[in-house]
Structures are given as structure tokens and as C-alpha cells.
Amino acid sequence: MTTTFRFLFSLGFFFVFLSCHSQSAIVTSKTEIADTAFVNLKDYSLDFVYDMKYATEDNFLKAKVYDCDECFLRYKTVKALIAANEEFKEKGLRIKLFDCYRPLDIQKRMWTIVSNPEYVADPSKGSIHNRGGAVDITLVNKRGRELKMGTSFDFFGPEAGHLYEDLPQKVKDNRALLKEVMIANGFNSFDSEWWHYNLKSGLKDKLSNEKWECK
Ligand SMILES: [Zn+2]
């Protein structure tokens with residue numbers, strides 16, 4: 001190989017490298033995640049506590065209806081939830097998750113047990129959970145203990161409502177803190193359930209019945 005040829009040969013490699021490099025840069029920008037894409041919360045933050053009730057038998061269905069305790073949500077819901085959790089972390093608290101995205105078939109099963117729209121969304125209309133924009137949550141302190149909220153998660157009675165007055169002041173304060181930070185980060189509360197929050201920009205996203213893969 002002559003020196004000139006060796007030089008041209010190396011130059012060729014250099015350009016191949018450059019073109020591959022620029023191509024991968026373009027691919028990266030094209031594969032930016034859409035706000036409405038379903039993602040796993042764990043891929044974006046490890047700062048949440050999980051107690052996914054429907055991945056156990058400890059729920060009102062008395063059945064394990066999820067194969068694993070993953071929290072899938074639309075990407076925009078994940079971003080808003082992480083922003084809220086950052087605010088709670090500054091106060092020495094964290095969000096604990098009870099439920100996130102919920103396939104439509106599970107909604108139908110819930111509706112057959114509790115056919116009351118105050119507590120379970122009618123599957124013909126769909127819940128924001130089925131759209132990837134709702135979360136059921138509480139707060140835990142640094143030792144991982146839940147803050148007192150007055151009732152357990154999925155308590156079907158007036159005591160679970162935001163407007164219920166006959167509660168200790170501490171409970172009212174805890175509910176108010178959860179609500180204040182969630183609303184400041186783009187969520188709406190739900191009058192009859194202190195644990196439920198809907199992403200305001202997710203109310204009209206498509207219903208889904210996709211099940212996620214368990215690792
Ligand atoms: Zn909910």
C-alpha cells in the first residue's frame with residue numbers, strides 16, 4: 001500500500017465514521033419520546049415507593065389482576081409526577097403509588113363489583129387510568145411510613161372524600177398538602193377519593209387495553 005493510498009483509505013474511514021455519527025444523531029432526534037407514549041416510570045425515576053395493590057390480592061377485587069408491580073403511564077404524566085415528587089422530596093416526603101395505567105378489561109371487572117360512578121368509572125366512558133393519565137397515590141415519610149389520610153386506599157365511603165369534614169386536623173393537612181402539590185404540577189383532584197389524581201392534559205387521550213410486559 002502506497003502512502004497516498006493509505007492516506008485516502010484512512011480518509012474514507014473518517015468520512016464513513018462522520019456519516020454514521022451524523023446519521024445516529026438524526027435517529028436520536030427522531031426517536032424522541034412522544035408525550036402520549038406509554039413508558040415505565042422506573043425508567044425515569046427510582047425515587048418512588050411502590051405498593052401496586054392490583055398486583056396483589058389486597059384490593060377490593062380480592063384478586064391479583066396485574067402480573068407485576070410496574071407503573072406505566074403516558075410520558076407527560078410521568079414528567080408531571082416526577083416534578084411533584086421533587087417538591088415532596090424537599091419536604092422529606094415521597095409519593096407512594098397504588099395504581100397507574102389500568103387496562104380497560106380490568107376497569108370492566110371493577111365495574112361489575114362496584115357499579116357506582118362515584119367510586120369506579122363506567123368502562124363505557126373509561127377512567128383516566130385507562131388513558132394513562134391517572135394515578136392513585138399517598139405520601140410516605142423518610143422512614144417509608146404512610147402519612148395519615150383518614151381512610152385506606154379504595155375505601156368506598158364519604159370519609160374518603162375531599163369535602164368530608166369530620167377528620168383530625170392532621171389528616172386534613174396531609175390531604176391538603178398532597179392536593180396542593182399535585183394541582184401545582186398539572187393534576188386535578190377527584191372529590192370522592194383523596195388518593196386519585198388526573199393529569200389535566202390527559203383527559204382526552206385514547207382509552208387503552210394494552211397489557212405491559214413483565215421483566
Ligand atoms: Zn384512581
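Summary of computed values
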read-out	value
Listed peptides 134-141, 121-128 by packing density, highest first (mean Cβ within 10 Å)	134-141, 121-128
Using alpha-carbon coordinates, inclination of helix 3-30 to the longest axis of the chain, degrees	20
Cβ charges +1 (Lys, Arg) and -1 (Asp, Glu), total dipole of the chain, debye	560
For the chain, the longest site-free run once GluC sites (Glu not before Pro) in DSSP loop states with at most 12 other Cβ atoms within 10 Å are removed	58-164
Neighbour-count order for 71, 100, 214, fewest beta carbons within 10 angstrom listed first	214, 71, 100
Cα→Cβ-extended label distance, 7 Å offset, between residue 31 and residue 89, nm	2.6
Average Cα contact separation per residue, the chain, under 8 Å, 6 or more apart, as relative contact order %	19
56, 36, 77 arranged by Cβ crowding within 10 Å, fewest neighbours leading	56, 36, 77
Nearest-ten-degree value, helix 75-90 long axis tilted from longest Cα axis of the chain	70
Gyration tensor verdict on the range 27-110 (Cα atoms; rounded if a/c is under 1.5, prolate if a/b is larger than b/c, oblate otherwise)	oblate
Three-way shape call for the range 70-215 based on the alpha-carbon gyration tensor, with the a/c threshold at 1.5	oblate
Residue order, fewest to most surrounding Cβ atoms within 10 angstrom, among 46, 93, 167, 73	46, 167, 93, 73
16 Å Cα-Cα reach of residue 172 towards lysines, excluding residues that sit fewer than 8 places from it in its own chain	148
Violating pairs (Cα-Cα greater than 30 angstrom) within the set 96/215; 108/200; 170/206	170/206
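Only the coordinates and a few stated rules stand behind these numbers; no lab work does. Predicted model, so just to flag it, every value in this text is computed and none were measured. Quick reminder, even Gly has a Cβ in these numbers, built from the backbone with ideal geometry, and neighbours come from all protein chains shown.
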